[in-house]
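J.: Below you'll find the structure I mean.
The values are calculated or read from the model by the stated rules, or taken from the named source; none is laboratory data. Just so we're clear, the structure is a prediction, and the values are computed from it rather than from any experiment. Backbone-built Cβ (ideal geometry, glycine too); neighbour counts: all protein chains shown. Areas reflect the complete protein model, heavy atoms only, side chains present, ligands, DNA and RNA absent. Shrake-Rupley method; radii C 1.70, N 1.55, O 1.52, S 1.80 Å.
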Amino acid sequence: VPHRPIVCFDTPLVPSSPYYFGQEIVTQLPDVLKGHDFDRCFLVTSRKLMPLFGEDILGALRRDGVSSDAVLIKESEQHKSWRTLRGLGERLVARGVTKDSILIALGGGVIGNVVGLAAALLYRGVRFVEVPTTIMAQTDSTLSNKQAINGKRGKNQFGVYHAPLFVWADAAYAAAEPPRQQRAGIVEGIKNVFISENCTSAADVLLQEWESGNRFYELLRHLIDSKLAILRRDPTEKGACLILEYGHTFGHAVEWLAGNLYHGEAVAIGMCLAAETSHALGHMSRPFLQDHYRLLGTRLGVPTRLAKNISAATLLHAMRSDNKRTKKGLRFLLLRGCGEFVNPDGDFQTAVPPERLTEVLRGIEAEAVLPDSIIS
Ligand SMILES: NC(=O)c1ccc[n+]([C@@H]2O[C@H](COP(=O)([O-])OP(=O)(O)OC[C@H]3O[C@@H](n4cnc5c(N)ncnc54)[C@H](O)[C@@H]3O)[C@@H](O)[C@H]2O)c1
């Protein structure tokens, strides 16, 4: 993988963090870290990622005289839990972490979120650096100050806002991900262009870069830009940024119930379910509904249909415990067309009565297929 010099920008968030992006840039990490005052670094990663990228990082830090240690945690979605969080916190304390230490989260969105939350809780807040290794984490989860773990009844139910000291994204890491995961990572980028203007042409550009196979660095830059454009409208992530959750109310429930889908895959199914709902309620045209299936399913190759074993009733039940739920009941982000939300109450969300939703879901269920070809 060729070296690409580092570009640095500030995330348009409150608080904002520097985001360093390049390719094959590990040797420059110690210098950036040494610009901060700290006693020790704790690199938190998994058993799998330690030999892939962790040893390299630890080697670079130690060669440069940075006192550093590694702590390994489990990293699958079911380990994004209280148990993992507590175990990590207690081990860090036992290893001598202080208020002046820096945690380094090396991994995908799960490790980033767990370490981010641990950093926020340790001594009421220590600094942490995110080194994202997946497309999803480089282009989405690190461009957010949201840290969380899952509860027994749903995703991301316990969390806080805690900004990283900086983000260090090396395109070479995401390039090493397995293709199924890469495809899932691109879904949020397609979503970001759907919720912006000129979406189908922008989605085409992203997909051409993906299909070409040799424009990976450019693809990542475009995916990052697709999220920055939306964050600039709402740096606190509490207002207009809600539109980033397009497809997520359905998607989180699907992810939770299926148990074998990547986040991006579940979001793709969620976007198609949101589009079906919008179409059934008379808001979305058939061609735009079909764009969802064509761009996500045919071109990107991610699942777009609900698995047969998930019934409308089960899905509705799961959505009722979603963390986006408020006193207003079940509401959805529904698009009419590119970047144009149905907006009856001025907050981009539309209440859909459960009976109507059941009807829509049953209609789709009839043609549902299991994403067997994709689950391998
Ligand atoms: N905070 C936010 O705003 C936000 C936004 C989006 C997603 N998320 C969260 O992120 C999580 C999903 O993250 P993810 O998609 O990065 O997956 P992940 O963290 O679950 O990682 C998936 C797998 O990829 C492996 N892996 C990571 N990098 C690799 C690499 N370079 N090469 C080979 N294998 C590699 C890991 O070992 C792991 O087994 C979800 O829990 C989701 O809720 C959070």
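J.: By average Cβ neighbour count within 10 Å, what is the ranking of 310-321, 167-178, 44-55 from highest down?
T.: Details: 310-321: 16.5, 167-178: 21.0, 44-55: 18.2.
Result, highest mean Cβ count within 10 Å first: 167-178, 44-55, 310-321.
J.: Using a cut-off of 10 Å between beta-carbons, work out the net charge of the residues near Arg40 (Lys and Arg +1, Asp and Glu -1, Arg40 not included).
T.: -2
J.: How do Val1, Val267 stack up against each other in accessible area, from largest to smallest, with a 1.4 angstrom probe?
T.: Largest to smallest exposure gives the sequence Val1, Val267.
J.: Based on the alpha carbons, how large is the Rg to Rh ratio for region 273-359 when Rh follows Kirkwood?
T.: Rg/Rh for region 273-359 comes to 0.97.
J.: Please work out the FRET efficiency for the pair Ser285 and Gln181, using the Cβ-Cβ distance as r and a Förster radius of 45 Å; give the result to the nearest 0.05.
T.: Values: r = 32 Å, r/R0 = 0.72.
Efficiency computed from Cβ-Cβ geometry: 0.90.
J.: Local charge sum around Gln208 (other residues, Cβ-Cβ under 13 Å, Lys/Arg +1, Asp/Glu -1)?
T.: Once positives and negatives cancel, what remains is -2.
J.: Could you compute how much accessible surface Thr134 exposes when probed at 1.4 Å, giving the result in Å² to the nearest 10?
T.: 20 Å²
J.: Using only helices, what value at 222 nm comes out for the chain when you add -39,500 (n - 2.57) per DSSP H run of length 4 or more and divide by the total residues, to the nearest 500 deg cm²/dmol?
T.: Result for the chain: -12000 deg cm²/dmol, rounded to the nearest 500.
J.: Based solely on C-alpha atoms, express the radius of gyration and the Dmax of region 97-184 in angstrom.
T.: 13.1, 39
J.: Report the full-extension gain for the segment Lys48 to Arg356: residue separation times 0.36 nm, less the Cα-Cα distance, to one decimal in nm. Don't skip to the end; give the middle numbers.
T.: Numbers: separation 308, 0.36 × 308 = 110.88 nm, distance 4.52 nm.
Length difference between fully extended and current span is 106.4 nm.
J.: How long are the three semi-axes of the equivalent ellipsoid for region 193-314, computed from the Cα gyration tensor as the root of 5 times each eigenvalue, in whole Å, largest first?
T.: They are 23, 18, 16 Å, listed largest first.
J.: Just to make sure I understand: if all protein chains stay in place, what is the order of Trp256, Trp210 by accessible area at 1.4 Å, largest first?
T.: Numbers: Trp256 95, Trp210 50 Å².
I get Trp256, Trp210, largest accessible area first.
J.: Another one. Just to compare against my own numbers: the Cα pair-distance distribution for the chain, 10 Å bins, whole % per bin, please.
T.: 5, 25, 34, 24, 10, 2, 0
J.: Return the Rg/Rh value of region 54-108, two decimal places, where both radii are evaluated on C-alpha atoms and Rh is the Kirkwood radius.
T.: With Rg and the Kirkwood Rh in hand, the quotient comes to 0.99.
J.: Can I ask one more? Provide the gained length on full extension for the span Asp31 to Lys238, in nm with one decimal, where the gain is 0.36 nm per separating residue minus the Cα-Cα distance.
T.: 71.1 nm
J.: Tell me, what is the FRET efficiency for Val14 and Ser196 to the nearest 0.05, using R0 = 30 angstrom and their Cβ-Cβ distance as r?
T.: Rounded to the nearest 0.05, the efficiency is 0.90.
J.: Using a probe radius of 1.4 Å on heavy atoms only, what accessible surface per residue do you get for region 163-261? Whole Å² is fine.
T.: The answer is 34 Å² per residue.
J.: Which residue, Arg305, Arg336, Arg215, tops the fluctuation ranking in a GNM of the chain built on C-alpha contacts under 10 Å?
T.: Evaluated over the chain, the most mobile residue of the options is Arg215.
J.: What ³J(HN,Hα) values, in whole Hz, does the Karplus curve 6.51 cos²θ - 1.76 cosθ + 1.60 give for region 102-113 when θ = phi - 60°, with x put for Gly and Pro?
T.: Those phi angles translate into 10, 8, 10, 8, 10, x, x, x, 5, 4, x, 5 Hz.
J.: Out of the DSSP beta bridges found with both residues in the chain, what percent are antiparallel (nearest 5)?
T.: Approximately 45 percent, going by the DSSP bridge assignments.
J.: Decide, for region 242-288, between rounded, prolate and oblate: order the square roots of the alpha carbon gyration tensor eigenvalues as a ≥ b ≥ c, take rounded if a/c falls under 1.5, and otherwise choose prolate if a/b is larger than b/c, else oblate.
T.: Prolate, since a/c reaches 1.5 and a/b exceeds b/c.
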